[in-house]
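The values are calculated or read from the model by the stated rules, or taken from the named source; none is laboratory data. Quick caveat: nothing in here was measured; it's all calculated off a predicted structure. All Cβ positions, even for glycine, are placed from backbone atoms using ideal geometry, and neighbour counts span all protein chains on display.
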Amino acid sequence: MSNSAFFFFILFFISCFPHVDAQQGENRHYSLSLLPSYAYFGSIDEIHSPYRYSGKNFSVLVEGKVCQSTKFQSLSLSFESINRRPNNLPIKESILLESYDNNRGSYLWATTGTFLRKQTYVVQQNFTSNYRIPLSYIGGDYFLGYFQQLIAVNCPNLPMLELFSLSAGVSSSFKLPIAKHIQYQIYFQWLLFSLDARNSYASVDGYLNENEDLNFYIDYLKKHVKANSFWFHNYCAVSQTITYEINMNWAFIGGYHFAYRKMSYPRTLKSMSYNFYLGFQYAW
Amino acid sequence: MRGKFYNVFFAILFSFLCGGCTEEWLEEPYSNTPLGVFDAIWDEYDKTYGAFEVKNINWDSCRMKYRIQLTSESSNDKLYAVVCSLLAELKDGHVQLLANGYKRFYAVPLPAVFPDSRYYENASEIALLFDLVKNRYLFNAKDSGSFFYGFISLRSVNKKIGYLYVPGFDRESFSFEFIDQAQRSFASCDGIIIDLRFNGGGSSDVLSSFINRYADCERLFLLSKIRNGARHGDFTDFIRHYMRPEAVNIGKTPLIVLVNRHTASSAEHFVLAMRTRPNTLIVGDSTIGALSTVVQRMAPNGWEYRTCPQVLYDTTGNILRNSDGQYPDGIGLAPDLFVKNYLREIYRGYDRVLATALNYYEEYFSEKIK
């Protein structure tokens, strides 16, 4: 099954399935979650390399939620630091040393010891209205800003941008009581529109005598920004969470989050991440 | 009943979602086989190399010509030989293949250190030249370990020339503090010599700041474009390269730049900038012709290669050409005064290139005095 067919299948299946909103009658308005997780992140950014760079590491998600009778908002901050390496390239077997020697100095460096570091800070706010359609579907929208993946490849002093993106899309959340004190939630998110800044096609711009101050980076972003619809920037994410309510305030949370992205401008970028998380929620 | 149905459904969905998300979703386009390596390298040049049209290279026919020499069973030696032959077609001083266990391949063969030298990279022969300059020609020489500067008194006229040796523009080793110290002491000099022989280039932003120290005014010295699409004719708009007076500036002092066949990359851009500056002369041999900015890539077997997405234009917007009409990539920039160093002369204590520059200054100032 192709990637897109897989997601359309999931979408269709979820949309057609009637369910009960577990939060009906909920009277707790605030919650704070702390969710340590184990994350995988892999990507191919052809601007830098056609090979997959991937890595795994522990990460943490802190999430605050405000629930009102008609609205639902959440603010989440996640931090991941993953060193990604081109696992399929024979790096370990062939550390390639480059040397340069004129009479005044010699330089020696390992060119194949490259890695990508991913550090993600996500601030996300959901506004979910009480709007319903006959299938007990809670529709919402999200505005998501993320600053993702400052990476350095083969260029020790020049961090190169993989993606800076502001996007808007739709999300759906379904909560179902499975047993007493146990609740299952599936959350789906799909990008509709985004403003994306990526590095230039060949990853270099030529020198322009500019000082690399804040304005330089703002101008850089302005120069490289492009509006994309979901047709050119596919992004979707699925979360599944099982919550066990220990008492009125505390809950135990475990789950799985998956995200996939593909965009083709200026060259193909594909990325995939998944997290297994386990933590606690305090609600009041 | 309904609750059980939910449980079963979500158990299936959960396991399906967790199990379905594997690295296969990020499929890599090339395999680590001889043909995969060849295709990866050919494709990346096809998508990023800038000067196909300027040099009139038919890259598709190069693929047909060389790919057929490989099979999935080809040895590493064969693959290395075929890839080197492919890259040699580009005739570009910056195109290189760095293959583990093999000699570093240059698409434009490296010249010998000196025309009568047996070696291509011999630090001791290069050291011989600059020790000669420091000990025989300069007085009050100051040495930073990498750079050095000093002064030369002309014989026939009472004029003092400042000399500065710049081995490269690497960000790590470049010291603007030392350069500015030299510039300040050159304030009393009547002429300057910047020695870029064996300068292999380096960082573009270091180069920009260095150029600005010799700018007489804000001056456009070069235009360039960079590949930004899959077709060979896809380029950015013009990027304008300016020099602007900055820091300890000696933009009004007469200047001679010394170059040779090992002057490359950013050092060649310095030459291009100084060509537009008044009272400036380029003396020595042709440079190597490595003019584009460089992008380094890796093949599936770990070999690295360098591709060049930039094409240079003169300030009127025409493709940069030598006096014979050729694009200088792989050929080099011609000096104003053509002269070469020979090892046998260096052994005898004579630096022909520096001596030519000094003779020029002697004549220049003698004529001025008359």
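If I filter the stretch B:131-138 for residues that are in a loop (DSSP other than H, G, I, E, B), free of Cβ contacts under 8 Å to residues at least 60 places away in the same chain and not acidic (Asp, Glu), do I get at least one hit? Full working, then the answer.
The first filter runs over the stretch B:131-138 and keeps only residues in a loop (DSSP other than H, G, I, E, B), leaving B:138.
Within this subset, residues satisfying the condition of being free of Cβ contacts under 8 Å to residues at least 60 places away in the same chain are B:138.
In the following step, the residues that additionally are not acidic (Asp, Glu) were identified as B:138.
Within the stretch B:131-138, one or more residues are in a loop (DSSP other than H, G, I, E, B), free of Cβ contacts under 8 Å to residues at least 60 places away in the same chain and not acidic (Asp, Glu).
Residue by residue, here is whether (1) touching a strand residue (DSSP E or B) at 6+ places or on another chain (Cβ under 9 Å); (2) assigned to a strand (DSSP E or B) holds:
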position: A:Asp219; (1), (2): no, no
position: A:Gln240; (1), (2): yes, yes
position: A:Asn247; (1), (2): no, no
position: A:Arg267; (1), (2): yes, no
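Taking B:Ala112 as the residue in question, decide whether it is among the hydrophobic types (A, V, I, L, M, F, W, C), at pLDDT below 95 and closer than 30 Å to B:Thr263 by Cα. Steps first, please.
Values: among the hydrophobic types (A, V, I, L, M, F, W, C): yes; at pLDDT below 95: yes; closer than 30 Å to B:Thr263 by Cα: yes.
Answer is yes for this residue.
Which residue is surrounded by the most Cβ atoms within 10 Å (Cβ to Cβ), if the candidates are limited to the stretch B:182-221 and must be in a strand (DSSP E or B) and not β-branched (Val, Ile, Thr)? Give the derivation first.
Quick first cut of the stretch B:182-221, residues in a strand (DSSP E or B) only: B:191-195, B:202, B:219-221.
Within this subset, residues satisfying the condition of being not β-branched (Val, Ile, Thr) are B:191, B:195, B:202, B:219-221.
Values: B:Gly191: 24, B:Asp195: 29, B:Gly202: 23, B:Arg219: 18, B:Leu220: 13, B:Phe221: 20.
If we take residues in the stretch B:182-221 being in a strand (DSSP E or B) and not β-branched (Val, Ile, Thr), then B:Asp195 is surrounded by the most Cβ atoms within 10 Å (Cβ to Cβ).
Which condition number in (1) in contact with a Pro (Cβ under 9 Å, 6 or more places away or on another chain); (2) of a type in the set (D, E, K, R); (3) away from chain A (no Cβ under 14 Å) is the one that B:Arg213 fails?
(3)
Only one residue in B:Ala40, B:Ala88 is farther than 25 Å from B:Leu312 by Cα and modelled with pLDDT of 95 or more, so which one is that?
Values: B:Ala88 fails: farther than 25 Å from B:Leu312 by Cα.
Only one candidate passes the filter, namely B:Ala40.
Could you pull out the residue among B:Ser156, B:Ser224 that is among the small types (Gly, Ala, Ser), assigned to a strand (DSSP E or B) and either at the interface with chain A (Cβ under 8 Å from one of its Cβ atoms) or on the phi < 0 side of the Ramachandran plot (or both)? Before you say what the answer is, go through the steps one by one.
On the way: B:Ser156 fails: assigned to a strand (DSSP E or B).
Going through B:Ser156, B:Ser224 in turn, just one is among the small types (Gly, Ala, Ser), assigned to a strand (DSSP E or B) and either at the interface with chain A (Cβ under 8 Å from one of its Cβ atoms) or on the phi < 0 side of the Ramachandran plot (or both): B:Ser224.
Would you point out which residue out of B:Val294, B:Val339, B:Val283 is surrounded by fewer than 21 Cβ atoms within 10 Å (Cβ to Cβ) and at pLDDT 95 or above?
Values: B:Val294 fails: at pLDDT 95 or above; B:Val283 fails: surrounded by fewer than 21 Cβ atoms within 10 Å (Cβ to Cβ).
On inspection, the qualifying residue turns out to be B:Val339.
Only residues that are free of Cβ contacts under 8 Å to residues at least 40 places away in the same chain and under 29 Å from B:Ala51 (Cβ atoms): list them for the stretch B:81-109, please.
Across the stretch B:81-109, the qualifying residues are B:Ala81, B:Cys84, B:Ser85, B:Ala88, B:Glu89, B:Tyr102, B:Lys103, B:Arg104, B:Phe105, B:Tyr106, B:Pro109.
For the stretch B:305-317, name all the residues that are in contact (Cβ under 8 Å) with a residue 12 or more places away in the chain, surrounded by fewer than 20 Cβ atoms within 10 Å (Cβ to Cβ) and either within 14 Å of another protein chain (Cβ to nearest Cβ) or on the phi < 0 side of the Ramachandran plot (or both).
Going residue by residue through the stretch B:305-317, those that are in contact (Cβ under 8 Å) with a residue 12 or more places away in the chain are B:305-315, B:317.
Add one more test, that the residue is surrounded by fewer than 20 Cβ atoms within 10 Å (Cβ to Cβ), and what stays is B:313-315, B:317.
B:Tyr313, B:Asp314, B:Thr315, listed by residue number.
Does B:Ile211 satisfy the criteria of being under 26 Å from B:Val157 (Cα atoms) and either in contact (Cβ under 8 Å) with a residue 24 or more places away in the chain or of a type in the set (A, V, I, L, M, F, W, C) (or both)? Please lay out each step first, then the result.
Working: under 26 Å from B:Val157 (Cα atoms): no; either in contact (Cβ under 8 Å) with a residue 24 or more places away in the chain or of a type in the set (A, V, I, L, M, F, W, C) (or both): yes.
No; evaluated as a whole, the condition is false for this residue.
Residue by residue through the stretch B:70-104, note down the ones that are β-branched (Val, Ile, Thr) and in a helix (DSSP H, G or I). Spell out how you get there, then give the answer.
The first filter runs over the stretch B:70-104 and keeps only residues β-branched (Val, Ile, Thr), leaving B:71, B:82-83, B:95.
The answer is B:Val82, B:Val83.
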